[in-house]
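None of the figures in this text is laboratory data; all of them are computed from the coordinates on show. Note that the coordinates shown come from a computational prediction; the quantities given were computed from them, not determined experimentally. For neighbour counting, all protein chains shown are included, and Cβ atoms are generated from backbone atoms with ideal geometry for every residue, glycine included.
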Amino acid sequence: MGGNQSVPKVTKQDRAILDLKLQRDKVKQYQKKIQAVLEREHEIAKQQLAAGNKGRALTTLRQRKYQESLLAKTDGQLENLEKLVSTIEFSMIEVSVLHGLQQGNEVLKQIHKEMNIESVEKLLEETQEAREYQREIDEMLANNLTSEDEEAVQLELQALQTEAVRFVLSLDSHL
């Protein structure tokens, strides 16, 4: 019953991003280790100096300086890794957008195939013919009124106009 479960497929891009993030994490761990060494060497140098071992204190400070240079290098590597991850992720978004645009373009092409110029012109002609036919019907109905019916229509129109004027005047008097 559940034999065909969909398992997310890990792409090469996903694997590359994961590998880069793992490397980034390793560099961060290495930085923490260097930071601990720097603190320890600082304490050792202070102890050696307090004990009167100026030479050993100096050696320890030199080692500390070397560790600081390593820390600076790892900062650069970490920055490069993060930029690369961001660039890859953004590029994947761009590819997705491009794919969406391609699909939209294909849909537009299909719509245009269904809606060619000849079909549109034919539809416009049919619409114009239908309007003309309706106009003819309207004219026939208008001409079939007797003069008495026409007079009744005109009187009704005048009554509506008078009513509209009275309504406007009553609104003005309330203001």
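Odds and ends about this structure:
- For the stretch 24-175, the spread of Cα positions along each principal axis, largest first, Å: 130, 59, 15
- Mean separation of Cα contacts under 8 Å, 6 or more apart, over the residue count of the chain: relative contact order %: 20
- Between SER147, SER119, SER86, the Gaussian network model of the chain with springs among Cα atoms under 10 angstrom shows the greatest mean-square fluctuation at SER147.
- Between 0 and 90 degrees, the angle of helix 12-50 with respect to the longest Cα principal axis of the chain falls at about 40 degrees.
- 222 nm mean residue ellipticity, helices alone, for the chain (DSSP H n ≥ 4; -39,500 (n - 2.57); rounded to 500): -32500 deg cm²/dmol
- The stretch 121-174 shape via C-alpha gyration tensor axes, a/c threshold 1.5: oblate
- Choice from THR59, THR162, THR87 showing the highest fluctuation, given a GNM over the chain with Cα pairs closer than 10 Å: THR162
- Residue with peak Gaussian network fluctuation, the chain [Cα springs, cutoff 10 Å], from GLU89, GLU148, GLU125: GLU148
- Positive-end extreme of charge dipole, the chain - chosen from LEU70, GLY52, LEU171 (charges on Cβ): GLY52
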